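In what follows, a structure is listed as C-alpha cells, so that the remarks can point back to it.
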Amino acid sequence: MARWGMVIDLARCIGCAGCQMACKAENGTPPGITWCRVEVKDIGNFPAVRRIPLPVQCMHCREPECEKVCPTGATEKTESGIVRVDSELCMGCRACVLACPYGARYFYEEKKGYYETLSLFEELAYKRHRVGTVTKCDFCQERVERGLDQGLKPGVDREATPACVFNCMTKGRFFGDLDDPRSTVSLLVASGRAFQLLPGHPSDPQVYYLTPGTTLSAGGREDGK
Amino acid sequence: MNQELHKKTEREDRWIPTICGECYNACSILVRVVNGVVRKIEGNPDSPIGMGRLCPKGTAGIMTMYDPNRVNAPLKRTNPEKGIGVDPRWQEITWEEALATVAEKLKKVRREDPKKLFMMGTTTTVSIQRGVSVSFATAFGTPNHSSSGGGLHCGNGAHFAAGLFHGSWSMVPDFEYCQYAIYFGSSKGHAAGHAANINAQMAADARARGMKLVVVDPLCSFAAAKSTEWVPIRPGTDGAMALAMINTLLNELGIYDAEYLQKHTNAPYLIGPDGYYVKDLDSGKPLVWDLGTGAPKCFDASDVMDYALEGVFEVQGTRCQPAFTLLREHVKSYTAEKAETISTVPAATIRRLAREFGEHSRIGSTIIMDGKKFPFRPVAAVVFRGAQGHKNSAHTCYSIELLNQIVGCSDVVGGSLGFNPVSFGHPDTGQPAFAPTPAPDGLLCPGTWLTPHRIYPPRDPAPPQTMGLKEIHPLGQSSPYVVSADQEELWTKFNLSYRPEVMLNYGANPVMTMGNPGTVIEALKKIPFIVSSNLFLNEFTDLADIVLPDTCYMERYDTLPNSPPILNHPAGMGEWGFAIGQPVVPRQYQRWDYGEFILEVADRIGITRELNAVLNMFYGLQPPYELPPDRKTTREELADLHLKFNFGAERGLQWFKEHGLIKWPKKPEEVYWRIHNKCRVPVYMEFMKRTGTKVKKILELFDVPLDLSHYEALPDWHPCPSHQVKDPQFDLYAFYYRDVLHTNSATMENAWLDEASEINPYSYNITIHPAVGKKKGIQNGDLIWVESVSGRKVRGKVNLSEGINPEGLAVAGCMGHWALGMPKAKGKGVLFNELLELDMNHADPANMNLDLCVKVKIYRDHQGRS
Ligand code: SF4
Ligand code: SF4
Ligand code: SF4
Ligand code: SF4
C-alpha cells in the first residue's frame, strides 16, 4: 500500500492560484470553500525582500489533529495516508475545523451558489457535497483511485494525478508514494530543500514544501543596506 | 432548459478540443461536457500552446460561461439619457429589429461619410471576431478601428521596439538557453501576458537550471519575486538606467559585438552632419565605409570587406561618421552617476549590471544546433508594460532594446527572441510562411503582424482625418485621442471633416480600460448611436443604444486563433501548433457571435463583395480557397477555407474539429533566424528624425504644439509629467500592473477569480511601503484616498508591503467596476485609471502611449479602517 504525499516547490511556484482553480474545477467545491488556496507572504525588508507564494491545503498529516477530535469517526486516515471525511458520518460539529492547525477544513453551511441562482455547472458540480458537513482536500482520491484501477501511476500519469498537480503551470507540484524511496516525491523530500509547515508540530504533514531558494539579494544596493 | 437536460436519458460524457478565450493566448484546452453541460476545462496535453496546463483564468473560464448575469437577448435602450448611474431601461428586442436598426444607421453614415463609423475591439482575444471586425472596417471605408485599453496600456512602446528589432509583436528570453536576463517592467514568464501559460512553464525550468534574472521594477512584482536580484527603480526612469548601461558597455568596458553590429544593424551606415544617412547618388541606398578598400559602398554591396564602425570620413564632399560612432558619443552623457540621480539605482549597481550583462553575453561564442553553427549569446534585456507605460515610452523601449543589439543577442541562441517572426510553414503545404524582409534602406519589415499595418517603413505623416490622429503618429498603434479630453479641440484644429456617429464595439469596455472614466464617458456620449456586443452589461454598455448578446468562446468557431503566432505562441525551439476553437455545447438563448452579426450586417448594407475581398486579403486566402465574391459567408466556411488553404484540402474544419490542432517541430533556422536573414535593425533611428520633420510641417500648418524632441535618431531619457511635479505633498508615484489572476477588466466578473483575488492581499488593495504608512499614520487595511496633482482621486484599502519602492504606490489591474450587470466585479479592487489624464500632454508624442504613472498624495478616509 502506498503512502501518498505531495511536494510543492516554492522556487517554481509563482502564486498564480492555478492550483486553487484546478481544485475548484475538479472537485466542484461551493463558494467560500477552497480546498486549495494560495496565500502570499513577504519575507525580508526593503530592498532585500521577496514575495513568497504559499499554496495551502490539507496536509494529510500522519498524526492528524482533526481525526483525534472527530466524535463520530467521520474523519479517518486511510491506509494510503489520505485523510478523508465520510460525509455520511459527519454531523457538522466542526471540532476538526478548530483543531486543524493549517486552516484546511471548511464547513459547508448551506446550498448556495456563487450567484442568486445555481448555474448549470453548479447544479452538476455540487452534487457530491453534503450540506451541514465539513469538507477538505482529499488528495483527489476519486481521481487517484480511478487511475489506479486503470493501471496508471499517480504522480506520473495525468489521469491518476491530483488536478492541482498536473495542471500547475510552473510544474511546481509533485505527487507520489512517500514509501517508495525512488519516487520523485521521496527524492525531493530527501533533497535537503524540503520542509513542513509548522516545523516541529507533531502533526507531521505529508505535504512538503521546497524552499523558495531565492537569495534575498540587496535589491540593487552594492553596500547591502 | 435544466429540465430538458435532466430528461435526457442517454449520458453524454466527452472531452472536446478547443481554445481558451480568457486572454489572447488562446491556449489549447479540452472541455469535458456532461449531458450538454461543461463540467471541466483542462489544458490539452497534446498542444504546444499550453502543453496541458492552464493559468487560473483558463480553468476558471467555466464560471464566465455559466454566469447567470450574461446578456442573453438583444437589448435596446428606452431611456435617451446617458450617464454614470443612469438606467438605460433596457428592452428586449428581436435580432431582426436589432439588425434592421443597425443596418439602417450604417447605410446612412456610409452614404454621408464612412469615416463616421467608429469600431472598437477588445484586446482580450485575438480571435476570428477581430479579423472579421477589422476587415469590415476596411470594407466599409472607415479608418477608425481601435483597440480598447490593452492597446494604450500595453503595446505602443514595446510592440514598436519588438516590431523594429525582432519583426514581432513582443519578445522573451530564450528560456531554454538564456543564462542572464534583465527585465525592465516586465513579468514575462511569471504572470499574465504574452504566452503567459507556456512562458511560466519555461521560465520555471530556466530558474531551476540557474538562469539569472534581474528584475528592474518599482514593485517586487511576480517576476521580481522569483528573481536573483530585484532592482527597485523609480517609475518611468528605466530608459536612463538602460542608457547608462549602454554607456558603461561601450565607453567604459568596450564590450560590444562588432560583427553583429556590422552585419545586422545600421551601425555602419554613414550619417551626415544633418543627422541623415549619406546615400549613394545613383541608387539612393545608404552608404557605409569599407575599411578594406578605404572607400564608401552601398550598405548591401557584396564586396564590403570591413564595415567601419568608428571614424570620420569624407564622402560626397561632406564629413560623415558611422551611426555607431554617433551612438557611442551620444551615450557618454548618460553616466551611471547621472542615471542614479534620475532612477535612484546606485551608479555602482548600474555599472555592475552592465558588466554582468556584457560578460554573460559571451560575444564570439557559437553553439551547434541540429548540426549547424549558430551564435550563442545567452543574455536578454526584456522590456514590457511597466517600463513602457510612460510618456517616454518609445525612447525607453528603444534604449532597452539597444542593450540586446550591442551584444548581438537578438534572435540567436540564448538571447532575446521575438515571438516567432519566421515560419517556413507546415512541411506538407509550406503554409503559413512568413519572414521579415528588408526595406530599400535595408531595415527590417516584419513578415507578419496582427493587422495589415506594419511598423516599418513608417507611414508618411499626413494631415489627420482619423479620430485617433494616427496620421501624425506614424509610429504608434493605439490612440488615446479616440476618447481623450482634448479630442474636440484637436479635431477642430485639424479640421476633421466629420464626427463619429455610429460606434460598433466588440467586447471592449473602454470606460474601464482607457483612462479616467469621466473623460471617456464624455467622449463616448457624443456618439449618437452605439452598438455593443458583450457578455455582460457593464460600464460601457450603459452608454450603448443597442446591446448584443455575445457568445462565450466555448460557444463558437474560431479559425486559427494562434495565427499570426506573434504573441501567443511560445518562442524558442519546440513545436508549431495551430488550433481551432469550436462550440462544445449548443449556444443558448439568443446569443450570437459578433462575427456572425458583422457578416449579416455587411450583407444587409450591401458590402458583402467588399468584405469578402478584404477577408481574402486579411487571411491571405488564395484560389481555390478564396471566399466567393457574391454571397455572404459564414464563420464555418471562412474557417474551413482558411484551414484548407494553410494545411491542405484534407484538413478542413471537419478535420480540425476532430483533431483540435495541427503541430510540427520548429527548425533552428526559424527560431534563430537572425544570421540567415538580410534585414538590418536600427541602432540609429534615422527614420524617426525624418518622420519628425514631416510631422512638424503638418503641425505648423494647423498650429498644434507637439513636443517633437522625441523624434530624434538617438535615444534619450525624457522626464514624464510625474517627474516634474514639485509640490512635496505629492510624494508618491502611483502606477498599476497586471495581476496574474486577470486579463485587463474582462475577467473581473469571474466568481472563482474573484474568490482568489480576495485571498491575495495584492489583488484588490493599494500597496504602499510600511515606512510611508508609518509617516502618515496609515495601517494595513485602512481605507485611504489617493489623490493626483490635478485633484482626481480614488479610494481603496491599504496593503502594507516591504516589496515596493517607498516612493511607489501600486494598484493591480483594471478594477473598481460599478455596473450592476457585473455583481462579482462590482466594488472590487481599485479603479486606478480614475487618476489618469487622457490628453496630448500625457501621451508620448512619438507613439501616443498614454502615461500611466501619476504623482499622488494619500490620506486616510474619514471612515478610517474598513
Ligand atoms: S498552480 Fe503551481 S505555480 Fe500556480 S500557485 Fe499553484 S503551485 Fe504555484
Ligand atoms: S491538515 Fe488539518 S485537516 Fe488535514 S490532516 Fe492535518 S489536521 Fe487534518
Ligand atoms: S489534491 Fe485534489 S483535492 Fe487536494 S488540493 Fe489538490 S486538487 Fe484539491
Ligand atoms: S494564458 Fe490566456 S489563453 Fe491561456 S489559459 Fe490563461 S487565460 Fe486562457
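The values are calculated or read from the model by the stated rules, or taken from the named source; none is laboratory data. What you see is a predicted model; the values in this text were computed from it and never measured. Every residue, glycine among them, receives a Cβ derived from its backbone with ideal geometry; neighbour counts consider all protein chains shown.
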*Given the structure, is A:Val156 surrounded by 22 or more Cβ atoms within 10 Å (Cβ to Cβ) and away from ligand 4 (no atom under 16 Å from the Cβ)?*
no
_So, B:Ser283, is that one in contact with a Cys (Cβ under 8 Å, 6 or more places away or on another chain), outside any strand (DSSP E or B) and surrounded by fewer than 20 Cβ atoms within 10 Å (Cβ to Cβ) or not?_
yes
_Elements of type helices (runs of 4 or more DSSP H) in the range A:1-118, at least 1 residues being over 30 Å from B:Val38 (Cα atoms), more than 10 Å from chain B (Cβ to nearest Cβ) and touching a residue at least 60 places away in the same chain (Cβ under 8 Å)_ = A:65-69
*For residues that are basic (Lys, Arg) and under 14 Å from the mean Cα position of the chain (by Cα), scanning just the range A:47-105, find the one that is farthest from ligand 3 (Cβ to nearest atom).*
A:Arg105
_Qualifying positions in the range B:47-66 - in contact (Cβ under 8 Å) with a residue 40 or more places away in the chain and more than 16 Å from ligand 4 (Cβ to nearest atom)_ = none
*Might you let me know whether the range B:341-355 holds any residue that is in the same structural domain as B:Val278 (by TED's automatic domain parsing), assigned to a loop (DSSP other than H, G, I, E, B) and either of a type in the set (A, V, I, L, M, F, W, C) or free of Cβ contacts under 8 Å to residues at least 24 places away in the same chain (or both)?*
yes
*Here are some conditions: (1) touching a Cys at 6+ places or on another chain (Cβ under 9 Å); (2) modelled with pLDDT under 90. B:Gly155 meets all but one. Which one does it not meet?*
(1)
*Residues A:Pro31, A:Pro71, A:Pro53: which one is closer than 22 Å to A:Pro212 by Cα and more than 16 Å from ligand 4 (Cβ to nearest atom)?*
A:Pro53
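Looking at A:Thr215, A:Thr184, A:Thr170, which one is at pLDDT 95 or above, within 21 Å of B:Thr228 (Cα to Cα) and of a type in the set (Val, Ile, Thr)? Talk me through it step by step, then tell me what you get.
Numbers: A:Thr215 fails: at pLDDT 95 or above; A:Thr184 fails: within 21 Å of B:Thr228 (Cα to Cα).
So the residue among A:Thr215, A:Thr184, A:Thr170 that is at pLDDT 95 or above, within 21 Å of B:Thr228 (Cα to Cα) and of a type in the set (Val, Ile, Thr) is A:Thr170.
Within the range A:160-192, track down each residue that is assigned to a strand (DSSP E or B) and within 14 Å of chain B (Cβ to nearest Cβ). Walk me through it before giving the result.
As a first pass, look at the range A:160-192 and keep what is assigned to a strand (DSSP E or B): A:173-177.
Of everything in the range A:160-192, those that are assigned to a strand (DSSP E or B) and within 14 Å of chain B (Cβ to nearest Cβ) turn out to be A:Arg173, A:Phe174.
To keep it simple, each residue is scored yes or no on (1) at pLDDT 95 or above; (2) of a type in the set (Gly, Ala, Ser).
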{"position": "B:Asp217", "(1), (2)": "yes, no"}
{"position": "B:Ser221", "(1), (2)": "no, yes"}
{"position": "B:Pro235", "(1), (2)": "yes, no"}
{"position": "B:Met241", "(1), (2)": "yes, no"}
{"position": "B:Ile246", "(1), (2)": "yes, no"}
{"position": "B:Ile255", "(1), (2)": "yes, no"}
{"position": "B:Leu261", "(1), (2)": "yes, no"}
{"position": "B:Ala267", "(1), (2)": "yes, yes"}
{"position": "B:Tyr276", "(1), (2)": "yes, no"}
_For the range A:163-180, check the following and say yes or no: at least one residue is surrounded by fewer than 16 Cβ atoms within 10 Å (Cβ to Cβ), away from ligand 3 (no atom under 16 Å from the Cβ) and farther than 22 Å from B:Glu755 by Cα._
yes
*Looking at A:Gly200, is it free of Cβ contacts under 8 Å to residues at least 12 places away in the same chain, in a loop (DSSP other than H, G, I, E, B) and away from ligand 3 (no atom under 16 Å from the Cβ)?*
yes
*Is the range B:795-811 home to any residue that is free of Cβ contacts under 8 Å to residues at least 24 places away in the same chain and either more than 14 Å from every other protein chain (Cβ to nearest Cβ) or surrounded by fewer than 24 Cβ atoms within 10 Å (Cβ to Cβ) (or both)?*
no
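Residues to consider are B:Pro80, B:Pro17, B:Pro88; find the one that is assigned to a loop (DSSP other than H, G, I, E, B) and under 34 Å from the mean Cα position of the chain (by Cα). Before you say what the answer is, go through the steps one by one.
Working: B:Pro80 fails: under 34 Å from the mean Cα position of the chain (by Cα); B:Pro17 fails: assigned to a loop (DSSP other than H, G, I, E, B).
Selected residue: B:Pro88, the only one of B:Pro80, B:Pro17, B:Pro88 that is assigned to a loop (DSSP other than H, G, I, E, B) and under 34 Å from the mean Cα position of the chain (by Cα).
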*Being basic (Lys, Arg) and touching a strand residue (DSSP E or B) at 6+ places or on another chain (Cβ under 6 Å) is the filter here, so list the residues in the range A:56-83 that pass it.*
A:Lys77
*Looking at B:Glu807, is it within 23 Å of the chain's Cα centre (by Cα) and not aliphatic (A, V, I, L, M)?*
no
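Let's see how each residue does on (1) modelled with pLDDT under 95; (2) surrounded by fewer than 22 Cβ atoms within 10 Å (Cβ to Cβ):
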{"position": "B:Met1", "(1), (2)": "yes, yes"}
{"position": "B:Lys7", "(1), (2)": "yes, yes"}
{"position": "B:Trp15", "(1), (2)": "no, yes"}
{"position": "B:Ser47", "(1), (2)": "no, no"}
{"position": "B:Arg53", "(1), (2)": "no, no"}
{"position": "B:Lys57", "(1), (2)": "no, no"}
{"position": "B:Thr64", "(1), (2)": "no, no"}
{"position": "B:Gly85", "(1), (2)": "yes, yes"}
*asked:* Just to check your reading of the model, which residue among B:Asn69, B:Asn35, B:Asn44, B:Asn25 is over 16 Å from A:Ala17 (Cα atoms) and touching a Ser or Thr at 6+ places or on another chain (Cβ under 9 Å)?
replied: B:Asn44
*Residues located in the range A:166-183, provided they are out of contact with any Pro (no Cβ under 9 Å at 6 or more places or on another chain), away from ligand 4 (no atom under 16 Å from the Cβ) and either touching a residue at least 24 places away in the same chain (Cβ under 8 Å) or under 22 Å from A:Leu10 (Cβ atoms) (or both)*: A:Phe174, A:Leu178, A:Asp179, A:Asp180, A:Ser183
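Quick one: which residue in B:Ser757, B:Ser788 is over 26 Å from the mean Cα position of the chain (by Cα) and hydroxyl-bearing (Ser, Thr, Tyr)? So that I can check it myself, show each step before the final result.
On the way: B:Ser757 fails: over 26 Å from the mean Cα position of the chain (by Cα).
Going through B:Ser757, B:Ser788 in turn, the sole match is B:Ser788.
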*asked:* Could you go through the range B:763-774 and let me know if any residue there is out of contact with any strand residue (DSSP E or B) (no Cβ under 7 Å at 6 or more places or on another chain) and at positive phi.
replied: no
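I'd like the full set of residues that are in a helix (DSSP H, G or I) and aromatic (Phe, Trp, Tyr), limited to the range B:233-276. Show your work before the answer.
Quick first cut of the range B:233-276, residues in a helix (DSSP H, G or I) only: B:238-253, B:258-264.
Selection gives B:Tyr260 alone.
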*Subset of the range B:750-761 [touching a Gly at 6+ places or on another chain (Cβ under 9 Å) and either part of a helix (DSSP H, G or I) or at the interface with chain A (Cβ under 8 Å from one of its Cβ atoms) (or both)]*: B:Ala751, B:Glu755, B:Ser757, B:Asn760
